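Asks: Below is one structure. I have some questions about it.
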Amino acid sequence: MKKTFFLVALILSSGCHNINDKKQSSISVNDNKSKSVALMMKSYVENKFDGSIVSEDCKIRFNQLEMTKKDFVGLGEVHHMMFNDIKFPEGWIETNSYIGKDLKQAGGIYSDSYGQIWTNQWTTWSAVSKITGDTLSNPSNFSYRWDGDKIVEINAIFPDDAFNSEFNLFMGNEDEQIHVVEMFVNGKSKSETLEFMKYYTKIMREREPDVRSWNFYESGKNKITLVERYSNESAWFNHVKNVSPNGISEKEFQKFMEFFKINNITVHGDASDDMKKALKSFGFAVKFKPLKAGFAR
């Protein structure tokens, strides 16, 4: 009887061992993790970047550039300031679960991946420059490592020479400031709003030589995004002087405020305390994003 019991136990043990040995890495498509990545990047294209599936301490690397989650999510806003017609199709998305005896015994960096889950996406990002009108197209690979239902590591690989050149054009110089003004249309028709925007752009070009660009963008139903580029802070103060009482553009600015209701303003670039005080005194919601690094040619 003991021999029989020992034999049965040996067979069961051998069977379980064989089952464990047969465990293999698996690839899935249209799984929940792949769908979550697709939805996140769809929100980026729509300029409503939702990074809720990314952990707060996520390790993120775009080529050789390391960034935080805040930087990663902030890319959406910056890209939509720089480009029109941004496309980031789903492409091919798959989720890999790395298990199995062979992987575990592979040694080196491969064995470190044992037990990890990665979602990989191959696609082509494209967009049209708001400055040059050129179309940029970058074949890209994004890899997302999961811990439970959170992404804890992101690695992106893509050619970035053309994008970096575009970014340098966009930033201009270290003294430049970019003001992004989100506005609602005050009950005016589309046609009269369009005519006014063309008119206001014309007077800005003629009257303010230190304003590098002044562009109105349709950003939703009855919503307009105004991107103002100033060569330096003094150019902005000169603009404020021009639209103030007795300024050369006082009447036009009064008309401007009849057409639009300002929701919020984001200032990209270094801002002095005087500028911050002046902007906040106007009663608008204002965010300041100082320049941390960059260069211009």
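Asks: Once amide H atoms are placed 1.01 Å from N in the peptide plane, what residues at a sequence separation of 5 or more from ILE99, or on another chain, have their amide H within under 5 Å of its amide H?
Replies: Sorted by chain and number, the residues that satisfy this are SER25, SER26, GLY115.
Asks: In addition: Out of the stretch 115-191, which trypsin sites (Lys or Arg not before Pro) are coil in DSSP terms and have no more than 13 other C-beta atoms within 10 Å?
Replies: Values: sites: LYS130, ARG145, LYS150, LYS188, LYS190; in loops: LYS130, LYS188.
Filter output for the stretch 115-191: empty list.
Asks: At a Förster distance of 22 Å, what's the computed FRET efficiency of ASP147 paired with ASP31, Cβ-Cβ distance as r, to 0.05?
Replies: Details: r = 16 Å, r/R0 = 0.74.
So the FRET efficiency works out to roughly 0.85.
Asks: Between GLN24 and LYS261, what FRET efficiency comes out of the Förster formula 1/(1 + (r/R0)^6) with R0 = 45 Å and r the beta carbon distance, rounded to 0.05? Intermediate values should be presented prior to the final figure.
Replies: Numbers: r = 60 Å, r/R0 = 1.33.
Working from the Cβ atoms, E equals 0.15.
Asks: Using the structure shown, select from LYS69/LYS190; LYS48/LYS287; LYS70/LYS221; LYS48/LYS241; LYS202/LYS261 the pairs with a Cα to Cα distance greater than 26 angstrom. Numbers along the way, then the final one.
Replies: Values: LYS69/LYS190 38 Å; LYS48/LYS287 17 Å; LYS70/LYS221 28 Å; LYS48/LYS241 35 Å; LYS202/LYS261 21 Å.
Cα-Cα > 26 Å for LYS69/LYS190; LYS70/LYS221; LYS48/LYS241; rest within.
Asks: Name the residues of the stretch 52-83 whose amide N is less than 16 Å from a point 7 angstrom out from the Cα of THR132 along the C-beta direction?
Replies: 82-83
Asks: Ranked by Cβ crowding within 10 angstrom, fewest neighbours first, how are ASP175, ASP147 ordered? Mind showing how you got there, number by number?
Replies: Details: ASP175 15, ASP147 12.
Placing the least packed residue first, the sequence is ASP147, ASP175.
Every read-out reported here was derived from the displayed coordinates using simple, explicitly stated rules and does not represent laboratory data. No experiment lies behind these values; they were computed from the predicted model shown. Quick reminder, even Gly has a Cβ in these numbers, built from the backbone with ideal geometry, and neighbours come from all protein chains shown.
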